[in-house]
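The values are calculated or read from the model by the stated rules, or taken from the named source; none is laboratory data. Computed from a prediction, not measured in an experiment: that's the story for all the values here. Cβ placement follows ideal geometry from the backbone for every residue including glycine, while neighbour counts extend to all protein chains displayed. Areas reflect the complete protein model, heavy atoms only, side chains present, ligands, DNA and RNA absent. Shrake-Rupley method; radii C 1.70, N 1.55, O 1.52, S 1.80 Å.
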Amino acid sequence: MTKTEAKRVQTALKAKGFYSGQVDGSIGPLTEQAIINFKKSIGYRARAYIGPLTKAALFDGRIDQVSARRDLVDAIFASGEPAWVQVGRSYLGLKEYKGNRHNPKILEWWQLIRMPFTDDETAWCAGYVGGVLEECGIRSTRSAAAKSYFWNRWGQVLSGPCVGAIVVFWRKTPDGKYGHVGIVVGRDRYGNLMVLGGNQGDAVSIKPFSVDRVVSYHFPDGHKPGLIGFNNLPIVDSDGIVSTNEA
């Protein structure tokens with residue numbers, strides 16, 4: 001952040017009543033605490049980082065409630081789900097922007113996985129999974145290819161699903177280059193996997209997927225998987241209509 005940009009941030013924070021120091025362009029402890037307090041006030045993750053979403057809220061008053069973390073990152077769910085499932089759930093409902101604008105969170109995920117894309121039209125399922133993993137301090141494949149988790153034998157390769165497993169699916173043809181990647185959160189009563197993923201109907205959602213499309217299951221290194229096996233997954237409500245739009 002340049003000194004001029006820092007002054008703009010301090011001026012905006014002061015106008016909103018969060019900053020009482022000098023507008024000097026120096027991001028010190030007082031400014032950092034003001035940033036944290038402002039972000040907490042709108043439900044964003046409480047850290048002294050100014051990203052595209054925070055700038056939009058600070059300067060233009062545009063609060064993206066889908067991306068407001070509602071303290072999910074700082075809390076531990078009673079369900080005991082892995083951190084990347086908790087963080088991933090906090091984005092449920094996030095969608096691509098129609099027209100020439102692009103969702104800044106998707107652009108942030110591209111940056112986190114070191115991809116050069118500056119749009120939300122590029123298939124972003126791997127951007128979502130990789131971005132969520134990176135937010136949790138876990139290195140992803142840093143690739144925009146969904147099948148990169150399969151090709152690279154990423155993490156611990158599992159014999160079956162468990163909650164929090166990264167699941168890779170084929171798309172179009174079983175042996176082709178196209179795929180989809182998401183996070184296993186359960187199963188439905190129709191025999192489908194319930195998967196938390198991005199770019200599922202152009203949004204972050206939980207959808208049922210046929211197990212016939214599974215290519216592989218993975219779990220982050222350094223983390224212990226739960227009970228492995230389809231029948232060990234929790235039941236998640238579903239209409240039984242499997243996903244067909246992941247591009």
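Just a few scattered comments:
- Per the listing Gly93, Gly80, the residue uniquely at pLDDT 85 or above, in a loop (DSSP other than H, G, I, E, B) and open to solvent by 20 Å² or more (accessible area, probe 1.4 Å) is Gly93.
For every residue, the table says whether it meets (1) touching a residue at least 24 places away in the same chain (Cβ under 8 Å); (2) closer than 30 Å to Asn103 by Cα.
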position: Lys177; (1), (2): yes, yes
position: Val181; (1), (2): yes, yes
position: Val185; (1), (2): yes, yes
position: Asp188; (1), (2): yes, no
position: Phe209; (1), (2): yes, yes
position: Asp221; (1), (2): yes, no
position: Val236; (1), (2): yes, yes
position: Thr244; (1), (2): no, yes
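- Annotation: Phe117 fulfils all but one of (1) out of contact with any Phe, Trp or Tyr (no Cβ under 6 Å at 6 or more places or on another chain); (2) touching a residue at least 24 places away in the same chain (Cβ under 8 Å); (3) part of a loop (DSSP other than H, G, I, E, B); the unmet one is (1).
- Exactly one residue among Ala12, Ala6, Ala46, Ala34 is hydrophobic (A, V, I, L, M, F, W, C) and not in a helix (DSSP H, G or I), and that residue is Ala46.
- When Arg89, Arg139 are screened for being among the charged types (D, E, K, R) and free of Cβ contacts under 8 Å to residues at least 24 places away in the same chain, only Arg139 passes.
- When we screen Ile235, Ile228, Ile183 for residues that are closer than 27 Å to Asp120 by Cβ and of a type in the set (A, V, I, L, M), the only hit is Ile183.
- If you go through the stretch 172-210 and keep only what is part of a loop (DSSP other than H, G, I, E, B) and buried (at least 24 other Cβ atoms within 10 Å of the Cβ), you end up with Gly198, Asn199, Val204.
- Filter pass, Ile42 being touching a helix residue (DSSP H, G or I) at 6+ places or on another chain (Cβ under 6 Å), open to solvent by less than 50 Å² (accessible area, probe 1.4 Å) and of a type outside the set (Phe, Trp, Tyr): yes
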